Every structure is written in structure tokens, then in C-alpha cells.
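Notes to accompany the following structure.
The values are calculated or read from the model by the stated rules, or taken from the named source; none is laboratory data. What you see is a predicted model, and the numbers here were worked out from it, not measured in a lab. Cβ: placed from backbone, ideal geometry, glycine included. Neighbour counts: every protein chain shown. Heads up: the accessible areas ignore ligands, DNA and RNA and are worked out on the full protein's heavy atoms, side chains in. Shrake-Rupley method; radii C 1.70, N 1.55, O 1.52, S 1.80 Å.
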Amino acid sequence: MDKKSPIEITITERPPSVTITQWVYTTLRSAVMDGHILPGRALTIRELASLLNVSPMPIREALRQLAAENALDIRENRRIMVPHMTPAKFTELYEARIAIESHAAARALPYIDTERLQALKQLDQRIDKAQANGDLIQINQLNQAFHRLIYTANPHQITLPLIESLWLQLGPFMRLANSKLDDHYQVDRHVEAMNAIANHDAFALQVAIAADIREGIAFAATPERMQHFIDEANDPC
């Protein structure tokens, strides 16, 4: 990949109640999580400041926060980029996703009411449309929204920052890997999750969430295949 290739960042209007620093952080965080900034793409504060039409200070603070979340790597020569992936790191990340998200879903189940379940059904329908259109970015964003809507039903939940940190670290690699696949979401595990919610079955919900995550990384079915995608992500030229 060209280390100076264009960055596609979705720029939204900043609400009056949100500071410039918060807005910049949220914007760049979404760009990383959605895979708009791919591994190997070098970033500079000047470039990002120009792109978002802000001063360097909020960019610098946002990059510092993202580096603390392991989403970006700030090197000694001040180069900034998405960290390279390794097989061991990838396995650790997706296994952590399964463990934490299955737990979060089960803990949220008692708080999911009819209104939230209906909202989940509507999100799943939008995912189906995005799938039909081959819109990988939309699929990813809506899938995250689906999972987030489940977990945040629990008013006592503390796991969402951990979960989103894992999404951040996996986002760039998943975007690159999934862009090279022909098939996605062959089995709608979200339907299974919603059925489990309707039946108040915590175990079935955990199984559905775990299966949804595993099938999202189906390209890594064998060590050789996973290594192939990791090699392309780390050196996609």
C-alpha cells in the first residue's frame, strides 16, 4: 500500500456541547475502528490537522489517547501508524472478544426490553441491506451498533470500553482481510441472538455472540490462511 494514500475519514458536524479535542478524538477513533486507516499508512499531525481543519493541538492529544488504547503506534522517529498484526496478537484479540462480549451479553439480557429487541431487529434488517449492497464499511458499523445495543442494556456494565478497545485494534486488519473475501455473514447469528433474547436464554445468547465473532474471522480458519492475510496487512503493497 502507498504510505501516502488518501485517508477516508467521515467528518460529522461537531455539536456545540462537544469540545474540539473530543470531536477530533471521536472522529479519528471511528476512522481507525472502521478500518479507514490501514496498517502501514504513515500519518502526520500536519496532514490530519489539515484534513479536519483544526490546529495541531487536538490532533496531538487524540493521537496520544489512541496510542494509549493500542490503536496507533507512535515510534521514536515520531512516525505514527496502525500497529502491525501478528498471529499471536490476532488470536489473543479475538479470543478476548469472545470471552468479554459473551459475558457482557449474558449480563445485559435481563435488561433487554421489547423496545430494544425491536431496535435490534431493525438494525439486523439494515445489515441485510448492506450485505446485499456489498457495503463492508456499513456492515461493520451496523454490526458494532448491534452488539453495542445489546451490551449497553445493562445499566451497570463496565465492559464496553474494553470491548471497543478490542474493536479498535482489530478494525484496520479486519477491513483489509474482509475486503478480499467473497462471502460474509453466511449464517445470520444475529437472528439466533435475538431468538435467545426473546426466550430469555442466556446460554443461547452467549453461543450466538461467540459464533458471530468466530465467523467474522472465518478467513483465519487455518494458521496458513491467517498468516497469509497478516502478511498482506503488514505489507500490502
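In segment 153-177, the residues that are within 19 Å of LEU66 (Cα to Cα) reach residues that are among the charged types (D, E, K, R) and surrounded by fewer than 22 Cβ atoms within 10 Å (Cβ to Cβ) with C-beta atoms within less than 6 angstrom, at least six apart or across chains, in these pairs: SER165/GLU69; LEU168/GLU69.
Which one of these is open to solvent by 30 Å² or more (accessible area, probe 1.4 Å) and modelled with pLDDT of 95 or more: ASP113, ASP73? Walk me through it before giving the result.
Details: ASP73 fails: modelled with pLDDT of 95 or more.
None of the other options fit; the residue is ASP113.
Restricting the first member to segment 8-36 and to residues that are more than 18 Å from SER55 (Cα to Cα) and part of a loop (DSSP other than H, G, I, E, B), and the second to residues that are open to solvent by 30 Å² or more (accessible area, probe 1.4 Å) and among the basic types (Lys, Arg), the beta-carbon pairs closer than 8 Å and six or more apart or on different chains are ASP34/ARG175; GLY35/ARG175; HIS36/ARG175. All of (1) within 21 Å of ILE163 (Cα to Cα); (2) open to solvent by less than 80 Å² (accessible area, probe 1.4 Å); (3) modelled with pLDDT of 75 or more hold for VAL191 with one exception: (1). Taking segment 37-88 as the range and being in contact (Cβ under 8 Å) with a residue 12 or more places away in the chain and of a type in the set (Lys, Arg) as the test, the residues that pass are ARG41, ARG60, ARG79. Summed over segment 76-89, residues that are assigned to a strand (DSSP E or B) and open to solvent by 40 Å² or more (accessible area, probe 1.4 Å) total 0. Going residue by residue through segment 106-117, is there one that turns out to be over 17 Å from THR159 (Cβ atoms) and within 16 Å of the chain's Cα centre (by Cα)? Among the residues of segment 106-117, not one is over 17 Å from THR159 (Cβ atoms) and within 16 Å of the chain's Cα centre (by Cα), which makes the answer no. Considering segment 116-137, and only residues there that are in contact (Cβ under 8 Å) with a residue 12 or more places away in the chain and open to solvent by 30 Å² or more (accessible area, probe 1.4 Å), the residue that is nearest to GLU164 (Cα to Cα) turns out to be ILE137.
The lone criterion from (1) closer than 19 Å to GLY171 by Cβ; (2) loosely packed, with under 12 Cβ neighbours inside 10 Å left unmet by ASN53 is number (1).
Take the conditions (1) surrounded by 15 or more Cβ atoms within 10 Å (Cβ to Cβ); (2) of a type outside the set (Ser, Thr, Tyr); (3) in contact with a helix residue (DSSP H, G or I) (Cβ under 8 Å, 6 or more places away or on another chain); (4) under 16 Å from SER165 (Cα atoms); ALA31 misses just one of them, which is (3).
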